[in-house]
Amino acid sequence: MVEEPRPDYFMPGLHFDPGPLGLDLYRLLCLYLADRRVMSIAIASEEKLHEAPLGDSLIRTLHDTHIDLEVLRILISSAVTLRIAFDQYSGSRLDPKLKNRTCGLLWPNWPKRKKESLTIREACNKIVHAGKIQRDIANPDPYGNPGNPDAYILPSIYLYGEKDGQNWRAKLLIVDFVKRATAVWTQLVG
């Protein structure tokens, strides 16, 4: 006797459409890898501002208005989704090698210098529990002027928080996070 396939909503646990997470991870990657180019276009537009009737400085405004909020939205929604998938599926489906692959560094007793690898699961925990998130910025200004128009974000962020009364710091490498998250997601629910 052949068993009929059952729709996902009859199966126990939460079920996710894999499309939105994949799209968000792609967007995150694009935001970081394109930022240097976007900022160079904004700078060139600002330099020609007096020549253009309406001005093109709106590119910088668009960038500055949306980049931090979009990165934060994607990181939090991705981390929560992945954590649920880890808890629900990891026992049977996840290759143990994937659990231990790193996507950054963790200083569990910050500001002490001792660091360890940041696994994808722990990265999700740190994203969800971070009290502060700070961009990693390339600033070609030798004096470190934070308002330097040539500054752009690097594909890493710093997360800060506290666990059991101890401060921690994590450096999340965005490209590695996207690679690991995609691999884990594909294996768990794909």
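Brief remarks follow.
- Here Gly55, Gly91 are screened, and the one residue that is part of a helix (DSSP H, G or I) and either within 21 Å of Val178 (Cβ to Cβ) or at pLDDT below 80 (or both) is Gly91.
- Of the residues making up segment 98-119, those that are part of a strand (DSSP E or B) and either small (Gly, Ala, Ser) or farther than 16 Å from Gln166 by Cα (or both) are Thr102, Cys103, Gly104, Leu105, Ser117, Leu118, Thr119.
- Selection count, segment 19-38, where residues are crowded, with 16+ Cβ neighbours inside 10 Å and either part of a loop (DSSP other than H, G, I, E, B) or modelled with pLDDT under 80 (or both): 0
- Only residues that are among the hydroxyl-bearing types (Ser, Thr, Tyr), assigned to a helix (DSSP H, G or I) and in contact with a strand residue (DSSP E or B) (Cβ under 8 Å, 6 or more places away or on another chain) were counted in segment 150-189, giving 0.
- Long-range neighbours under 6 Å by Cβ, at least six apart or interchain, first residue of a type in the set (Asp, Glu) within segment 175-190, second buried (at least 21 other Cβ atoms within 10 Å of the Cβ) and modelled with pLDDT of 85 or more: Asp176/Cys103
- For the condition within 16 Å of the chain's Cα centre (by Cα) and modelled with pLDDT of 95 or more, Leu154 does not qualify.
- Test result for Asp176, modelled with pLDDT under 90 and among the acidic types (Asp, Glu): no
The values are calculated or read from the model by the stated rules, or taken from the named source; none is laboratory data. Source: prediction; values computed, not measured. Cβ sites come from the backbone with ideal geometry, for glycine too, and all protein chains shown count toward neighbours.
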